[in-house]
């Protein structure tokens with residue numbers, strides 16, 4: 001940033017009256033070994049404590065970190081094949097409050113996002129973004145998603161497929177990650193079937209009310 005000055009308003013030195021401001025204090029510095037800090041060492045303790053919630057049945061929403069491969073070589077092309085699926089442990093805490101139901105042309109659909117927190121601090125950012133896959137970043141045609149579902153206390157339930165809304169956020173003092181996930185509209189696999197009704201080119205070019213005819 002350039003400081004504009006003239007003869008009536010010459011540049012002045014810094015006006016901080018303190019003898020040693022923070023940027024000149026040699027005792028202030030980044031942590032030289034953050035991976036060996038006290039907060040980092042408490043991550044495994046937090047994991048053990050959160051496992052108690054699962055053991056007590058207080059974490060009904062299970063989450064699997066899934067990597068799928070699109071057979072067409074690019075995301076959205078062809079069909080999805082699951083190449084990796086791992087449970088996220090200890091079970092994160094899930095908040096479904098931001099989800100809402102909307103009536104669309106395809107029927108009632110869930111819109112919005114889901115917030116998950118108390119994700120283990122022993123994961124890395126890449127682990128969360130790429131669903132703990134052994135190759136990070138993912139190869140072309142691979143996609144990382146999270147599948148969320150209620151455990152077997154309710155029998156067969158809806159599986160919600162989620163994609164990260166943005167990067168996860170690390171909260172060191174809370175010993176956790178948190179992340180928001182968008183609810184995917186499409187199902188696990190996209191299989192498009194031709195409609196049993198079609199129209200001839202002459203009907204479409206004429207712009208008249210076309211009469212449907214059967215494909216078979």
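The values are calculated or read from the model by the stated rules, or taken from the named source; none is laboratory data. These figures come from a predicted structure and were not determined experimentally. Please note: Cβ atoms are built from the backbone with ideal geometry, for glycine as well, and neighbour counts cover all protein chains shown.
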Seminar exercise, completed: Only one of 57, 73, 43 is in contact (Cβ under 8 Å) with a residue 24 or more places away in the chain and surrounded by 14 or more Cβ atoms within 10 Å (Cβ to Cβ), namely 43
Exercise. Within the stretch 95-112, is there a residue that is more than 20 Å from residue 128 (Cα to Cα), in contact (Cβ under 8 Å) with a residue 40 or more places away in the chain and over 19 Å from the mean Cα position of the chain (by Cα)?
Worked result: yes
Seminar exercise, completed: Counting only residues that are surrounded by 15 or more Cβ atoms within 10 Å (Cβ to Cβ), closer than 16 Å to residue 175 by Cβ and touching a helix residue (DSSP H, G or I) at 6+ places or on another chain (Cβ under 9 Å), the stretch 117-150 contains a total of 5
Seminar exercise, completed: If we keep only residues of the stretch 4-40 that are touching a helix residue (DSSP H, G or I) at 6+ places or on another chain (Cβ under 7 Å) and either in contact (Cβ under 8 Å) with a residue 12 or more places away in the chain or farther than 30 Å from residue 177 by Cα (or both), then the residue surrounded by the fewest Cβ atoms within 10 Å (Cβ to Cβ) is 39
Exercise. Among the numbered criteria (1) farther than 22 Å from residue 164 by Cβ; (2) modelled with pLDDT of 95 or more, which single criterion is violated by residue 88?
Worked result: (1)
Seminar exercise, completed: Filtering the stretch 155-180 down to residues that are assigned to a loop (DSSP other than H, G, I, E, B), surrounded by fewer than 13 Cβ atoms within 10 Å (Cβ to Cβ) and over 12 Å from the mean Cα position of the chain (by Cα) yields 155, 156, 158
